[in-house]
Amino acid sequence: MRRLVSTAHMVKPDLRRGEITPTREAYKTSLGIAIPAVVEMVSLALMDIISMIMVGRLGDFAISSVALTAQPRMIFFSVFFALNVSVTAIIARAKGAGEEEKARSCLRHALLLIIILGTLMTVLAVFFARPMMLLAGAQADTIGPAASYFRIAGYGLIFQVATGTICAAQRATGNTKITLKVSVTAKIVQVLFNFLLIDGRFGFPAMGIDGAAVSIVIVGVVGFCLAFTSILQKDSFLRLRLTDNWKPDPEMARTIGRLSLGSAIEQVGLRIGFFLYARVVADLGTLQFAAHSIAMQLLNLSFTFADGIGAATTSLVGQNLGKKRPDLSIMYGKLGMRLAFAAAAFLSITAFFIRYWFTGLFTDDPYVLELTVGLFILIIVILPIQTTQVVMGGSLRGAGDVRYVAMTMFVTVGVLRPLTGFVLAYPLGLGLMGAWIAIIIDQAVRLCLLFFRFSGGKWIRAKL
């Protein structure tokens with residue numbers, strides 16, 4: 001056990017560039033960044049679950065309608081997720097090297113891109129909502145509410161992506177407490193307005209599903225105001241001012257473009273894969289898709305634990321590479337994986353015991369309940385694989401090795417998951433259970449590919 005958790009055994013002697021951080025100090029540093037990030041992301045997921053429960057009271061068709069908008073919205077966001085990966089890698093390195101102006105220049109360039117691309121995406125979301133929902137597999141009972149929800153939510157898109165980029169930059173510096181405050185406060189506002197607008201309380205109109213979409217717009221504006229305020233502080237590493245040099249810098253633009261391109265391949269693969277996979281499940285029927293959506297709420301909640309730990313690992317890996325200490329980057333990468341696996345063990349046990357109670361929060365339909373509870377057994381298998389590979393991928397991204405991660409995600413999520421999901425669900429006749437077995441196959445293959453890359457050590461020599 002000591003060899004497993006001790007930092008002294010995480011780096012081979014021939015790779016050491018100096019003294020290895022003592023075990024207690026390393027865990028304290030990692031947890032100091034990871035805990036606020038985990039709390040933030042778990043809180044966001046819980047509030048999303050609460051929002052889904054509120055929507056679910058309108059009926060199973062409402063759950064399916066909102067769920068149908070998820071992947072098209074994520075396709076829009078994929079461009080900005082790619083941008084955020086490059087922002088995180090560049091700013092983490094700059095933080096480690098003490099290069100404040102480089103970090104601020106990176107953030108300025110990112111915000112300028114968001115203004116241009118965010119406006120374009122908003123126009124597309126508003127004017128092409130219905131065709132997108134039809135493409136997503138909306139049925140006769142879900143096309144109307146799904147298109148309306150997608151159109152209204154589109155007005156808040158630019159604010160959401162700007163908030164996400166600022167928060168990604170803050171996490172890269174290790175300042176996860178600010179992003180915790182921003183994200184949780186904004187989500188509380190969303191839950192509040194869901195409460196007021198879905199059913200119509202305290203004089204507010206009863207807007208149903210549209211009320212949930214209006215809440216998303218409001219939370220986007222609130223989140224942006226809070227995030228933007230954080231980079232106006234005088235003592236902020238990322239402080240921005242109107243008097244700064246906002247003129248595009250070709251070298252910085254090329255660096256962001258090169259890293260974003262690799263991540264964009266990943267995001268395109270992810271979103272296309274998730275979109276096709278969601279379509280495979282949606283074609284099984286409204287009740288099956290409702291059960292799938294409920295189970296995904298728990299899987300997404302569990303993912304947030306790994307994502308929070310991964311955010312800390314990404315930051316620490318990048319910062320130590322900036323300090324010319326690749327050995328400490330390796331150490332923090334392995335330490336993050338240990339934390340993630342421990343979290344997965346806890347989550348798997350919890351999922352087993354709450355499977356009936358959790359499902360009952362969303363629906364009282366016996367058929368949907370039975371389907372969802374059956375999926376929970378597969379979730380228990382997925383969790384240890386998922387948490388480990390998420391943190392491993394975060395380590396590689398923090399080093400700037402985004403192309404390998406991108407290709408891995410493209411192959412496993414973009415091709416393997418929807419293809420095996422279709423084969424298992426339809427030709428082999430396994431239905432919804434078969435579609436979820438495809439998730440296990442995808443996660444396991446991804447873990448193997450990322451493990452070989454991380455173990456090989458080539459990533460510590462990646463150049464930005």
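Side notes on the structure shown:
- Segment 50-94, residues that are at pLDDT 85 or above and out of contact with any Lys or Arg (no Cβ under 6 Å at 6 or more places or on another chain): Leu83, Asn84, Ser86, Val87, Thr88, Ala89, Ile90, Ile91, Ala92, Arg93
- Positions within segment 400-417 being buried (at least 23 other Cβ atoms within 10 Å of the Cβ) and in contact with a Gly (Cβ under 7 Å, 6 or more places away or on another chain), in sequence order: Val402, Val405, Ala406, Met409, Val413, Gly414, Arg417
- Test: Ile35 is surrounded by fewer than 18 Cβ atoms within 10 Å (Cβ to Cβ), of a type outside the set (Gly, Ala, Ser) and either under 18 Å from the mean Cα position of the chain (by Cα) or not in a helix (DSSP H, G or I) (or both): yes
- Restricting segment 226-260 to residues that are at pLDDT 85 or above and aromatic (Phe, Trp, Tyr), the residue that is farthest from Val182 (Cα to Cα): Phe237
- Each residue in segment 412-437 was checked for being within 25 Å of the chain's Cα centre (by Cα) and more than 19 Å from Gln386 (Cα to Cα), and 3 of them qualify.
- Leu134 meets the conditions (1) under 30 Å from Ser43 (Cα atoms); (2) in a helix (DSSP H, G or I) in every case but one. The failed one is (1).
- Residue pairs meeting the criteria (Cβ under 9 Å; at least 6 apart or on separate chains; first over 30 Å from Ile231 (Cβ atoms), in segment 110-133; second among the aromatic types (Phe, Trp, Tyr) and crowded, with 16+ Cβ neighbours inside 10 Å): Ala129/Tyr149; Ala129/Phe150; Arg130/Phe150; Met132/Phe150; Met133/Tyr149; Met133/Phe150
- Helices (runs of 4 or more DSSP H) enclosed by segment 350-464 - at least 2 residues per element that are under 30 Å from Ser329 (Cβ atoms): 366-398, 402-409, 431-456
- Given (1) in contact with a Gly (Cβ under 9 Å, 6 or more places away or on another chain); (2) at pLDDT 90 or above; (3) among the hydrophobic types (A, V, I, L, M, F, W, C), number of the condition Cys448 does not satisfy: (1)
- Subset of segment 67-89 that is surrounded by 24 or more Cβ atoms within 10 Å (Cβ to Cβ) and β-branched (Val, Ile, Thr) - its residue that is nearest to Ala153 (Cα to Cα): Thr69
- Applying the condition of being more than 13 Å from the chain's Cα centre (by Cα) and of a type in the set (A, V, I, L, M, F, W, C) to segment 159-176 and asking which residue is farthest from Phe77 (Cα to Cα) yields Ala172.
- Every residue from segment 415-440 that is closer than 14 Å to Val280 by Cβ and β-branched (Val, Ile, Thr): Val415, Thr420, Val423, Ile437, Ile439
- Residue selection: Ala295 fails the criterion of being crowded, with 21+ Cβ neighbours inside 10 Å and closer than 23 Å to Phe76 by Cβ.
- Under the condition of being at pLDDT 85 or above, surrounded by fewer than 24 Cβ atoms within 10 Å (Cβ to Cβ) and not charged (D, E, K, R), the residues counted in segment 298-337 number 3.
- Lone unmet requirement of (1) closer than 21 Å to Pro36 by Cβ; (2) among the hydroxyl-bearing types (Ser, Thr, Tyr); (3) part of a loop (DSSP other than H, G, I, E, B) for Thr314: (3)
- Residue within segment 345-358 that is under 28 Å from Leu83 (Cα atoms), in contact with a Phe, Trp or Tyr (Cβ under 8 Å, 6 or more places away or on another chain) and either surrounded by 16 or more Cβ atoms within 10 Å (Cβ to Cβ) or without any contact (Cβ under 8 Å) to a residue 12 or more places away in the chain (or both) present: no
- Segment 389-423, subset of a type in the set (S, T, N, Q) and modelled with pLDDT of 90 or more, residue farthest from Arg446 (Cα to Cα): Thr420
- Helices (runs of 4 or more DSSP H) lying entirely in segment 150-237 (those with 2 or more residues that are under 22 Å from Ala45 (Cβ atoms) and charged (D, E, K, R)): 176-197
- Hits in segment 8-32 (condition: among the polar types (S, T, N, Q) and either part of a loop (DSSP other than H, G, I, E, B) or surrounded by fewer than 20 Cβ atoms within 10 Å (Cβ to Cβ) (or both)): Thr21, Thr23, Thr29
- The single residue among Phe195, Phe202 that is without any contact (Cβ under 8 Å) to a residue 24 or more places away in the chain, surrounded by fewer than 19 Cβ atoms within 10 Å (Cβ to Cβ) and among the hydrophobic types (A, V, I, L, M, F, W, C) turns out to be Phe202.
- Residues in segment 445-460 that are surrounded by fewer than 16 Cβ atoms within 10 Å (Cβ to Cβ) and touching a residue at least 12 places away in the same chain (Cβ under 8 Å): Phe451, Gly457, Lys458.
The values are calculated or read from the model by the stated rules, or taken from the named source; none is laboratory data. Because the structure is predicted, anything quoted here is derived from the model rather than measured. Because the Cβ atoms are built from the backbone with ideal geometry, glycine has one as well, and the counts that use them run over all protein chains shown.
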